[in-house]
Each structure stands twice: as structure tokens, then as C-alpha cells.
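These notes concern the structure reproduced below.
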Amino acid sequence: MVKRFVNRERELSWMEDQHSNDAAFLVLYGRRRVGKTELIKEFMRSKDHVYFLATKKTERDNLKDLQKQMGEYLQKDIFTDIDFEGWEDLFKEFIRKVNKEIVITIDEFPYLID
């Protein structure tokens with residue numbers, strides 16, 4: 001069975017417009033099971049990106065999981081060995097090492113603030 005992505009051109013166009021700016025922070029919200037995650041994945045398909053699905057783990061565990069994904073993107077295991085104090089330190093170091101345009105997605109963000 002081939003999955004097709006349909007009827008989301010307006011949302012994808014809006015996301016592309018926002019992406020063409022120097023820097024942007026986008027928040028997508030809506031009812032459950034309406035396709036937000038698939039929309040995000042379709043948007044990221046042709047872009048350098050890190051996709052992170054937050055869970056109901058502790059904040060520290062979520063931080064470490066995102067750090068691991070960032071390390072995989074960088075293809076540097078050493079990145080996962082750094083002991084970051086918090087989210088801000090993690091993002092600052094990652095952006096410093098990437099040094100190019102990248103899309104970072106945190107799906108299920110509310111789990112990080114529970």
C-alpha cells in the first residue's frame with residue numbers, strides 16, 4: 001500500500017514561507033490524530049533536520065535522548081558524552097557545531113513541561 005500525502009498544501013506552504021526567514025520558531029497545535037506529525041515529517045523531508053519525539057520520561061532523560069539524536073546527526077559520538085546543564089546549553093552547543101541551517105522538531109512538546 002502506497003501512502004499519499006494530500007490536502008495539506010496550504011499548511012506546507014505556510015511552513016515553507018516561515019522557513020524562508022532567517023530564523024523562526026513555529027508552533028503547531030490541534031486536536032489529536034489530525035496529522036500534525038505527518039505534516040511535520042513531510043515538511044522536513046527535503047531539509048537537514050533533527051526530529052525528536054518527547055516522551056513522559058524525566059526532563060533529564062528527554063534531554064539525553066535529544067542529545068543522542070543530535071549526536072547522530074552530527075555523526076559525533078563525543079557529543080553524547082557531554083554533560084549539559086540544561087536545554088539552553090544543549091541547543092547552543094549543537095547550533096555552534098552544525099553551523100548551517102537546520103530544522104529542529106520537538107514533537108509532543110507538552111511532555112517536556114509536565
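Mind listing just one residue for me: the one in region 88-106 that is exposed (fewer than 15 other Cβ atoms within 10 Å of the Cβ) and outside any loop (DSSP other than H, G, I, E, B) and, of those, nearest to the chain's Cα centre (by Cα)?
Phe91
How many of the residues in region 1-58 are part of a helix (DSSP H, G or I) and either closer than 28 Å to Gly86 by Cβ or not hydroxyl-bearing (Ser, Thr, Tyr) (or both)? Full working, then the answer.
Taking region 1-58 as the starting set, the residues that turn out to be part of a helix (DSSP H, G or I) are 9-19, 36-44.
Restricting the remaining residues to those that are either closer than 28 Å to Gly86 by Cβ or not hydroxyl-bearing (Ser, Thr, Tyr) (or both) gives 9-12, 14-19, 36-44.
Qualifying residue count for the region: 19.
Please go through region 59-86 and pick out each residue that is under 22 Å from Thr37 (Cα atoms), surrounded by fewer than 15 Cβ atoms within 10 Å (Cβ to Cβ) and not charged (D, E, K, R).
Result: no residue meets the conditions.
Just one of (1) in contact with a Lys or Arg (Cβ under 7 Å, 6 or more places away or on another chain); (2) in a loop (DSSP other than H, G, I, E, B) trips up Thr80, so point out which.
Looking at each condition in turn, Thr80 falls short on (2).
Report the residue count in region 12-42 for those that are touching a Lys or Arg at 6+ places or on another chain (Cβ under 9 Å) and surrounded by 10 or more Cβ atoms within 10 Å (Cβ to Cβ). Spell out how you get there, then give the answer.
First pass over region 12-42, keeping only residues touching a Lys or Arg at 6+ places or on another chain (Cβ under 9 Å): 19, 28-30, 35, 38-39, 42.
Restricting the remaining residues to those that are surrounded by 10 or more Cβ atoms within 10 Å (Cβ to Cβ) gives 19, 28, 35, 38-39, 42.
Final tally of qualifying residues: 6.
Bear in mind these aren't lab numbers, they're just calculated from the coordinates by the rules spelled out. Bear in mind that the values here come from a model prediction, so they are computed numbers and not experimental data. We place every Cβ from the backbone using ideal geometry, glycine too, and count neighbours over all the protein chains shown.
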